[in-house]
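*Asks:* Could you have a look at this structure, given as structure tokens, before my questions?
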Amino acid sequence: MTSLPLSTKLLSLPLYPNSHLPLQFPSRSRKPRKLNFPSKTNPSSFTCTATDQPTRKQRQRRKPSREIEDDEPEDEDDDDDWEEERVNPVGFLTKQGITHKQFGQFLRERYKALKDLKDELFNQNLVLKDIAYGFELMGLHRHPEHRMDYIEWAPGARFCALIGDFNGWSPAENPAREGRLGHDDFGYWFIVLEDKLKDGETPDELYFQRYNYVDDYDKGDNGVSIEEIFQKANDEYWEPGEDTFVNHRFEVPAKLYEQFFGPNSPQTVEELEEIPLKDAETRFKEWKEQHKDDPPSNLPPCHVIDQGKEYDVYNIITDPVWQEKIRGKKPPIEYWLETRKGRKAWLKKYMPAVPHGSKYRVYFNTPNGPLERVPAWATYVQPDPDGEQPFAIHWEPPPECAYKWKNSSPEVPKSLRIYECHVGISSSEAKIASFGDFTVKVLPHVKKAGYNAIQLVGIIEHKDYFTVGYRVTNFFAVSSRYGTPDDFKRLVDVAHGLGMLVFLEIVHSYSAADEMVGLSLFDGSNDCYFHTGRRGHHKYWGTRMFKYGDREVLHFLLSNLNWWVEEYQIDGFQFHSLSSMIYKHNGFASFTGDFEEYCNQYVDRDALLYLILANELLHALHPKIITIAEDATYYPGLCEPASQGGLGFDYYVNVSVSEMWSSFLENVPDQEWSMTKIVSTLVGNRQYAEKMLSYAENHNQSISGGKSFAEVLFGDVKEHVPGSNDPMHRGCSLHKDLMKLDQNQRVLSRRLPNIHHVNDATMVISYIRGPLLFVFNFHPSNGYERYSIGVEEAGEYQIILNTDEEKYAGRGLIKAEQYLQRTISKRVDGLKNCLQVPLPSRTAQVGLQVDSHTTNMNCFGDFAFAAANEGGMMKNSVVLTPCELCILLYEVIHYKELNDFVRLLALP
């Protein structure tokens, strides 16, 4: 593609589609400015290095003044220049007071590389659409001019053809054209498949006849002939006399030639002698004087003055009134659209070149021989029933059968409660569940349980089911084992109708190594989408590693992200296993926390640039999108804006939480659990605690043959009857009550908790969050009749949640008269006052100060927590074990909720 030279002052093109964000190109006379995507923060002060702190004057620095000459007006783009100056590649280091010269230099170099990358991408693509909307061109698409277009990128191929059941799987039927019309220098192949005329039908009268494939009728079906439409367009666009030069383009030159040389003028160049002429401006003035009395004409009043040189600068003199009149005219595109006909006219005359549901592959002739591949941009892929190579399915249902969206995406809630799920294993039956089963049976339970978002795992097409979808083969296709693309649209639509956001776990950190269905050796070469040699293979998993520095790979991955949002209305992404792509050792190395480990020779800067660009593009095109980073190494600046040296994610996953629970349950006796480790693991890096997502357990426990925490704590799920008063039922009730706590008291959306009491000896944890006081006793046997807990404000505290109530199989040791506690003026835990609360073993309490929050008391009614009794493994007498109390602690200490795995807990 070629960048167009624009000579206007400023051209603003809207981002596609229907976006209000302008993509601006400056005038050629000014120094070009770089395009900066809007960041999510607006910091007020910056410094130039990570080591130098800003002075007071620098922090108070205002917009810089600029010397402007009297005859030069102030540039209207000064504000944009000032915005660009506020970028600080090491901003988050300065904010945290970190001084690491090597990492700071790495961030500056990375930001410069990012600007260079943006320049290169925007030189190749005039608008943002071309970078993130490749799916509108690549792959198989229906063209309005009764044909199908297929475009594929395969630089290593020598020949390309589309084969399928529509052409007998013959490479000779639909090959790419010879020369530039079928193949360019960048490795793109272009194939045109013309619709077939039905018997007895004649070709369209108009060569570029267009059809509307959605509506039965269009403007072209009104019976008006093409000649009448074009004549009407000419009559409206041209005024009388203006088309003289169009219809008689040689008349004026012939007259001028005759005026110069007379009727017997020279007929050859040799006969033409040098003609002495005055300068151009003098001749123009003389000509104007001769014709000053001519009658008015409708001809364009344009006069061109040149100096007769081969490469001259033309000076055009015209009438300003006429110039504004011409600029106000619009091309007659509306009349051209009036020739477009409807779907019925198309079906009457043509048969689709590739009917809906057709099977197809792409055929390549390579230096290593012929290959058949599933197209890289295929949107629906099915395995062969005989175990042979899979094939793509052309999904183009008729308008009356295509799914129509009924609901829009809900607003992003202040506190996310995410339910992680896998469609295939969501059924209690011994089968692979479908999108339909999940929509009807699971989504209502998830909503009833109080969640406001679901995160889907294993949705994108993958060959090996045992990988649960992490070895992706076809990045633009939903997994056919669960249903069709329309079935998945219905799932997302129903979830939106229930008020839940839909997140997708995206795997761009690696790809399946399968050559028959995936991208590996796609065009016969080893470096099409992936690195060559050892760098192109995951160190331990055997998967292929993307070549993020290649512009076509960036185009593929960025378009893939945007495809799921545009086509399926996905509300967010969790980027899986970032450590596999960020580091050349795939994250399998020892990390000490030294910043040198994040900027040494083992860091893939191209992968970081891709992540930054992906976040900026997604948030620019879809401002409400949510991006989540899963990185076991906690790369610095994951959730910082790119303008401040970060990667631009909205949240990151604390992967250590589930590992801690698993370690405690399997290896550590109950009485040896460390309260300090629990708190430090849950809170993590406090500077980014507000951006942290924590999973109570990891779904790998189930997909790797292990047991979930629900199965460990409640026993075999099959032993429980839904609706019975057993531990499973009471455990689910506890979980629902936790949701109600957040809904009524907005626990998760409040500021970070003040954890003021952590005692490993007594195994008690207490913290304050807003008006609520939380107290946990993890000790398996020791209870405390009057345990002192510090509070800041004096007054009365009402216990609104008690895990020791008998309705949850607790022992009921806390009596009704003990639910109201008054503070004592005694300094405890560094706070002015204290409460002496009854605290049985393995219980938790939530207290609310009565004085200032009495109005909130009624919202709970008989709300209570399910509680742990002593023992923890005795049937019919207990509900919660210490791990469940840890889960309770987790749920109220963080901004994001517990993410259950669908198979692990059968909701009643």
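*Asks:* Quick one: net charge around S580, please, counting Lys, Arg +1 and Asp, Glu -1 for every other residue with C-beta under 15 Å from its C-beta.
*Replies:* +2
*Asks:* Within segment 81-179, how many lysine pairs that are 8 or more places apart, or on different chains, have C-alpha atoms less than 23 Å apart?
*Replies:* Here the count comes out as 6.
*Asks:* Then there's this: Accessible surface of E271 in the full protein assembly, 1.4 angstrom probe, to the nearest 10 Å²?
*Replies:* So the heavy atoms of E271 present about 100 Å² to solvent.
*Asks:* For every other residue with a beta carbon closer than 12 angstrom to the beta carbon of H394, add +1 if it is Lys or Arg and -1 if Asp or Glu, then tell me the sum.
*Replies:* Local net charge: +1.
*Asks:* If you add up the charges near D218, with Lys and Arg at +1 and Asp and Glu at -1, over every other residue whose beta carbon is less than 12 angstrom from its beta carbon, what do you get?
*Replies:* Neighbour charge sum, excluding D218 itself: +2.
*Asks:* Rounded to whole Hz and in sequence order, give me ³J(HN,Hα) for segment 364-378 from the Karplus expression 6.51 cos²θ - 1.76 cosθ + 1.60, θ = phi - 60°, writing x for Gly and Pro.
*Replies:* 10, 10, 10, x, 9, x, x, 9, 10, 10, 6, x, 5, 9, 5
*Asks:* How large are Rg and Dmax for segment 82-183 when calculated on the C-alpha trace, in angstrom?
*Replies:* 23.0, 67
*Asks:* Each residue of segment 746-752 in order: what ³J(HN,Hα) in whole Hz does its phi give by Karplus 6.51 cos²θ - 1.76 cosθ + 1.60, θ = phi - 60°, with x for Gly and Pro?
*Replies:* For segment 746-752, the Karplus curve yields 6, 5, 6, 8, 7, 5, 4 Hz.
*Asks:* Count the lysine pairs in segment 386-539 that are 8 or more places apart or on different chains: how many have C-alpha atoms under 28 angstrom apart?
*Replies:* Lysine pairs, 8 or more places apart or on different chains, close enough: 24.
*Asks:* When the Karplus curve 6.51 cos²θ - 1.76 cosθ + 1.60 is applied with θ = phi - 60°, which whole-Hz ³J(HN,Hα) does each residue of segment 598-614 get, with x for Gly and Pro?
*Replies:* Values per residue, Gly and Pro as x: 9, 8, 7, 5, 8, 8, 8, 5, 5, 5, 5, 4, 4, 5, 5, 5, 4 Hz.
*Asks:* Right, something else. Quick query: amide H of I418 versus all other amide H atoms, modeled in the peptide plane; which residues come in under 5 Å with a sequence gap of 5 or more or a different chain?
*Replies:* Result for I418 returns E897.
*Asks:* Residues of segment 480-627: accessible area per residue at 1.4 Å, in Å²?
*Replies:* Here the residues of segment 480-627 average 29 Å² of exposed surface.
*Asks:* Between segment 500-533 and segment 198-251, what's the alpha-carbon centroid distance in Å?
*Replies:* Rounded to whole Å, the Cα centres lie 47 Å apart.
*Asks:* Can you send over the solvent-accessible area of H531, 1.4 Å probe, protein chains only, in Å² to the nearest 10?
*Replies:* In the full protein context, H531 sits at about 40 Å².
*Asks:* Ignoring ligands, DNA and RNA, how do H462, H537 rank by accessible area with a 1.4 Å probe, largest first?
*Replies:* H537, H462
*Asks:* Give a quick list of GluC sites (Glu not before Pro) in segment 160-225 that DSSP marks as loop, anything other than H, G, I, E or B, with at most 12 other Cβ atoms within 10 Å.
*Replies:* Here the sparse-neighbourhood loop sites are E178, E201, E205.
*Asks:* Could you size up the charge dipole of segment 345-474 around its Cα centre, putting +1 on the beta carbon of Lys and Arg and -1 on that of Asp and Glu, and report it in debye to the nearest 20?
*Replies:* Roughly 520 debye for segment 345-474.
*Asks:* Students sometimes get this wrong: rank F503, F166 by accessible area, probe 1.4 Å, all chains present, largest first.
*Replies:* Order by accessible area, largest first: F166, F503.
*Asks:* If you don't mind, another one. Please report the accessible area of C302 (heavy atoms, 1.4 Å probe, ligands and nucleic acids excluded) in Å², nearest 10.
*Replies:* Here the residue's solvent-accessible area equals roughly 60 Å².
*Asks:* Now for a different question. Just want the answer: with Cβ charges of +1 for Lys and Arg and -1 for Asp and Glu, which residue in S479, H508, Y529 is farthest toward the dipole's positive end in segment 470-532?
*Replies:* S479
*Asks:* Tell me the GluC sites (Glu not before Pro) within segment 411-495 that lie in a loop according to DSSP and have at most 15 other beta-carbon atoms within 10 Å.
*Replies:* In loop regions of segment 411-495 (DSSP not H, G, I, E or B), the sparsely surrounded GluC sites (Glu not before Pro) are E411, E429.
*Asks:* Let me ask something else about it. At a 1.4 Å probe radius, which order do S428, S708, S749 fall into by accessible area, largest first?
*Replies:* Ranked from most to least accessible, the order is S428, S749, S708.
*Asks:* So, in Å, what gap is there between the alpha-carbon centers of segment 542-588 and segment 742-780?
*Replies:* If you average the Cα positions of each part, the centres end up 38 Å apart.
*Asks:* Right, another one. Taking amide H atoms as placed 1.01 Å from N in the peptide plane, list the residues 5 or more away in sequence, or in a different chain, whose amide H sits under 5 Å from that of N654.
*Replies:* Close amide H contacts, sequence-distant or interchain: L693, S694, Y695.
*Asks:* Calculate what fraction, in whole %, of the accessible area of segment 486-528 sits on carbon and sulfur atoms when a 1.4 Å probe is rolled over the protein chains.
*Replies:* That share works out to 47 percent.
*Asks:* For segment 85-159, with all protein chains present and a 1.4 Å probe, just round the carbon and sulfur fraction of the accessible area to a whole percent.
*Replies:* 51 percent
*Asks:* Give the residue list of chymotrypsin sites (Phe, Trp or Tyr not before Pro) in segment 184-235 that are DSSP loop and have at most 13 other beta-carbon atoms within 10 angstrom.
*Replies:* Sparse-neighbourhood loop chymotrypsin sites (Phe, Trp or Tyr not before Pro): F186, Y207, F208, Y217.
*Asks:* Non-local amide H neighbours of T366 (under 5 Å, H modeled in plane, Pro and chain starts lacking H): which ones?
*Replies:* R158, L371
The values are calculated or read from the model by the stated rules, or taken from the named source; none is laboratory data. Everything numeric in this text was worked out from a predicted model, so none of it was measured. Neighbour counts are summed over all protein chains in view; Cβ atoms, including those assigned to glycine, are modelled from backbone coordinates with ideal geometry. Each accessible area value is taken on the protein alone, full model and side chains, heavy atoms only, with ligands, DNA and RNA left out. Shrake-Rupley method; radii C 1.70, N 1.55, O 1.52, S 1.80 Å.
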